[in-house]
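Shown next, in structure tokens, is the structure this report addresses.
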Amino acid sequence: MDVALYLLAAALVVGGVAGAVLPVLPGIPMIFGGIWLAAAVDQYRHLGWAWLVAIGIVGAVGVALDFVSASLGAKRIGASPRALWGAGAGTVVGMFFGIPGLIVGPFAGAMAGELWSGTSVLRSAHVGVGTWVGMLLGLLAKVVISFLMIGMAGVALLFN
């Protein structure tokens, strides 16, 4: 039974790494779930609660960055508050349309919000591009955090 649970834990971690790039899968929560399952099967001998809490905090930061990265990109360019709300709403709505929705949604939401604020189409497109760049940086951060979580678990397993 332990072997099957370890295989499930490994599948969760591998699927989580894929989910760090593919927005369809909840990558960071899957990685954390796989690490936690492996620790539980081992009865927390090598990967204790302190490590799990630290890995969980890193994962929570990664999830938060994932949700706000598009808005942060828009804010960095000086977008209006309506554009920030639009980017957030576009991200939420885009989740229901898969990968194309997650690519187009925040861009379109930020652009619509900026247009609603009364700025030009060119300025609104500029804000939309800033939102998209923020999303890409958020994706990069999510990948880095995913591997950081796996590395933390590896260090705990090797040295405990």
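How high is the relative contact order of the chain, in percent, with contacts defined as C-alpha pairs under 8 Å that are six or more residues apart? Please list the in-between numbers first.
Values: 259 pairs, mean separation 42.3, N = 160.
Here the relative contact order equals 26 percent.
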**OP:** Quick one: go through segment 1-17 and flag any residue whose amide nitrogen is under 20 Å from the point 7 Å out along the Cα-to-Cβ line of GLN43.
**Re:** 1-7, 9
Original post:
Quick one: accessible area per residue over segment 21-139, 1.4 Å probe, rounded to a whole number of Å²?
Top reply: 54 Å²
Original post:
Efficiency by 1/(1 + (r/R0)^6): what FRET value for SER120 and VAL93, r their Cβ-Cβ distance, R0 = 25 Å, to the nearest 0.05?
Top reply: 0.55
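Using Cα pairs under 8 angstrom and six or more residues apart, how large is the relative contact order of segment 42-124, in percent? Can you show the working numbers first?
Details: 88 pairs, mean separation 19.5, N = 83.
Answer for segment 42-124 is 24 percent.
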**OP:** Please tell me the relative contact order of segment 6-46 in percent, rounded to the nearest whole number, where contacts are Cα pairs under 8 Å and at least six residues apart.
**Re:** 39 percent
Subject >> Calculated log₁₀ intensity ratio I(q)/I(0) where the Debye formula runs over C-alpha points of the chain, q = 0.11, 0.13, 0.16 Å⁻¹ >> reply: -0.50, -0.63, -0.81
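If Lys and Arg each add +1 and Asp and Glu each add -1, what is the summed charge of the other residues whose beta carbon sits under 14 Å from the beta carbon of ALA153? Please list the in-between numbers first.
On the way: positive: ARG45; negative: ASP42.
Summing Lys/Arg as +1 and Asp/Glu as -1 gives 0.
SER117: net charge of surrounding residues, Cβ under 13 Å, Lys/Arg +1, Asp/Glu -1, itself excluded?
Numbers: positive: ARG82, ARG123; negative: GLU114.
Residues near SER117 contribute +1 overall.
The values are calculated or read from the model by the stated rules, or taken from the named source; none is laboratory data. Computed from a prediction, not measured in an experiment: that's the story for all the values here. Every residue, glycine as well, gets a Cβ built from its backbone with ideal geometry; the counts of neighbours run over all protein chains shown. Each accessible area value is taken on the protein alone, full model and side chains, heavy atoms only, with ligands, DNA and RNA left out. Shrake-Rupley method; radii C 1.70, N 1.55, O 1.52, S 1.80 Å.
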